[in-house]
Amino acid sequence: MYEIVKTTHMSAVVMSVLLFLIRFTLTVIKSDKLQLKWLKILPHIVYTVLLVAAIALCIFIQQYPVVNGWVTEKFLAFFMYAFMVVLALKPEQTPLMRGVGFIGALSWIAYAGFVAVTKQPLIF
């Protein structure tokens, strides 16, 4: 069961990043495809699956946010990633802020991956 949840979690991370890259590209080129219903709904479903799988993994490995620093940092990185995605995708953002959001989102997701692999917190 653990392997299924871990694979689901990692797949949701990849899907989240791919959807972000697609939506960011469509935002930059000001495409009407951003209005497609599935592009508005699917990211929320993917984030939900990602978080539920993350919580399940915490239970499986008995490591919890606030108690274990590396888990705390992964959750912090996820929420910062989500914040940066919103910053990058807001239509009224300046190109500079959109770029900050883009680089920030990719940086936070890379950091979360680093912490997941090493299990070593760098902040807490």
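The values are calculated or read from the model by the stated rules, or taken from the named source; none is laboratory data. Nothing here was measured: the structure is a model prediction, and the numbers come from that model. Note that each Cβ is placed from the backbone with ideal geometry, even for glycine, and that neighbours are counted across all protein chains shown.
Structure above, values below:
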{"read-out": "Subset of region 6-25 [under 10 Å from the mean Cα position of the chain (by Cα), over 18 Å from G104 (Cβ atoms) and of a type in the set (G, A, S)]", "value": "A12"}
{"read-out": "Residues satisfying the stated conditions in region 31-58, i.e. exposed (fewer than 12 other Cβ atoms within 10 Å of the Cβ) and either among the hydroxyl-bearing types (S, T, Y) or farther than 23 Å from R98 by Cβ (or both)", "value": "K37, T48"}
{"read-out": "Failed criterion for E73 (all others in (1) of a type in the set (D, E); (2) over 15 Å from the mean Cα position of the chain (by Cα); (3) surrounded by 17 or more Cβ atoms within 10 Å (Cβ to Cβ) hold)", "value": "(2)"}
{"read-out": "Yes/no for V28 being at negative phi, at pLDDT below 95 and either surrounded by 13 or more Cβ atoms within 10 Å (Cβ to Cβ) or aliphatic (A, V, I, L, M) (or both)", "value": "yes"}
{"read-out": "Lone qualifier among A53, A12, A82, A77 - being without any contact (Cβ under 8 Å) to a residue 40 or more places away in the chain, of a type in the set (A, V, I, L, M) and closer than 17 Å to V117 by Cα", "value": "A77"}
{"read-out": "The one condition in (1) touching a residue at least 60 places away in the same chain (Cβ under 8 Å); (2) within 20 Å of T8 (Cβ to Cβ) that A105 fails to fulfil", "value": "(2)"}
{"read-out": "Test result for Y111, on the phi < 0 side of the Ramachandran plot, assigned to a helix (DSSP H, G or I), in contact with a helix residue (DSSP H, G or I) (Cβ under 6 Å, 6 or more places away or on another chain) and among the hydroxyl-bearing types (S, T, Y)", "value": "yes"}
{"read-out": "In region 20-50, the residues that are free of Cβ contacts under 8 Å to residues at least 12 places away in the same chain, in contact with a Ser or Thr (Cβ under 9 Å, 6 or more places away or on another chain) and assigned to a helix (DSSP H, G or I)", "value": "T25, L34"}
